[in-house]
Amino acid sequence: MAVMAIAALAMTSCGNNRPPKADLKNNIDSLSYAQGVQVGTQFNQYQVLSQLKVDSTEIGEFMKGVKEAFNASDDKKTAAYFAGVQIGSQLTTFVERAEGEYFANDSTKKLSRDNYLAAFFDMIMGKEGKMTPEVADSVVRVIEKQLQEERYSETKKAGEEFIAKKASEEGVKKTESGLLYKVITEGNGPVAVEGDKAKVTYEGSFTDGKVFDSTERHGGEPVEFPIGGGTVPGFDEALRMMPAGSEWEIYLPYNLGYGENGYGQMIPPYSALTFKLKVLEVVKQK
């Protein structure tokens, strides 16, 4: 029904921007139309109205633009213009994606479109510009880090306070790296070394106690972690210290966890983490 409504709207609002009428007189005509059907089905309602940002009241202008660009191949000036329109649309997507990463949901903060375009044109025209690509890469890294620190300052602060509090609790020990741990049960089996695998059960949580992952969530079956590169630094360090049969609770400052970048949508940057960790068996290297 929605597609029919759009079609009806297009026919009543297009005026001179109506699509051409199909007239299938021969095989080439039929092939042309069939090809159009194949491509047209890829541009469904969602893509036109959302991804291409076409308002439903402007379908006529959309059709006009498609026809003019489609027929511009023999006119270099017009073809160049429409190539620019296409690139401009892509740049808009790039800018909006970057703003989402840098500023999250803060709609008051935007990248400067003028500066963005000035730099873009400097580069494609071969001009010296205000920055070399190498300098630009460095600037992006530095400012991205600053923005990320600002965005996750509360997470970082909460993690630091959590680790400081845990460090003062009775029974909690601290390693040279800053890893905190509390022995619940001390096992008497072998200790894993580089190249071994530790078969474990675990539960990971944030400073507020919310569980983000566990073996229970994956069917309850133990998981084998390779020692030396199989997990985050603090987790790996603990596995190198725990005899088989041990059960510990470990507390990781962000630099021993997923660091300044976090892990996808699951773990925010600068997160301090807690793991309840039990080593069931050490699988020795052969």
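The values are calculated or read from the model by the stated rules, or taken from the named source; none is laboratory data. In this text, all values refer to a predicted model and were calculated from it rather than measured experimentally. With ideal geometry, Cβ positions are generated from the backbone for all residues, glycine too; neighbour counts draw on all protein chains shown. The accessibility values were calculated without ligands, DNA or RNA, using every heavy atom of the protein model including side chains. Shrake-Rupley method; radii C 1.70, N 1.55, O 1.52, S 1.80 Å.
Would the stretch 100-111 turn up any residue that is closer than 30 Å to Gly262 by Cβ and of a type in the set (Lys, Arg)? Yes, the stretch 100-111 contains at least one residue that is closer than 30 Å to Gly262 by Cβ and of a type in the set (Lys, Arg).
If you go through the stretch 227-238 and keep only what is open to solvent by 10 Å² or more (accessible area, probe 1.4 Å) and in contact with a helix residue (DSSP H, G or I) (Cβ under 6 Å, 6 or more places away or on another chain), you end up with just Pro233. Report yes if some residue within the stretch 72-79 is part of a loop (DSSP other than H, G, I, E, B) and either touching a Phe, Trp or Tyr at 6+ places or on another chain (Cβ under 8 Å) or of a type in the set (S, T, N, Q) (or both); otherwise report no. Yes; the residues of the stretch 72-79 include at least one that is part of a loop (DSSP other than H, G, I, E, B) and either touching a Phe, Trp or Tyr at 6+ places or on another chain (Cβ under 8 Å) or of a type in the set (S, T, N, Q) (or both). The residue that is surrounded by the most Cβ atoms within 10 Å (Cβ to Cβ), among those in the stretch 79-121 that are closer than 28 Å to Gly65 by Cβ and of a type in the set (D, E, K, R), is Glu99. Among the residues making up the stretch 155-173, a single one is part of a strand (DSSP E or B) and open to solvent by less than 60 Å² (accessible area, probe 1.4 Å): Val172. A search for C-beta distances below 6 Å between a residue of the stretch 116-134 that is in a helix (DSSP H, G or I) and any residue that is open to solvent by less than 70 Å² (accessible area, probe 1.4 Å), counting only pairs 6+ apart in sequence or on different chains, returns Asp122/Gly129. Of all the criteria given as (1) open to solvent by 20 Å² or more (accessible area, probe 1.4 Å); (2) farther than 20 Å from Gly195 by Cβ; (3) in contact (Cβ under 8 Å) with a residue 40 or more places away in the chain, the one not satisfied by Met241 is (2). Selection over the stretch 176-192 of residues that are more than 15 Å from Gly257 (Cα to Cα), part of a loop (DSSP other than H, G, I, E, B) and touching a residue at least 60 places away in the same chain (Cβ under 8 Å) gives a count of 5. Among the residues of the stretch 193-202, some residue qualifies, meaning at least one is open to solvent by 10 Å² or more (accessible area, probe 1.4 Å) and within 30 Å of Lys157 (Cβ to Cβ).
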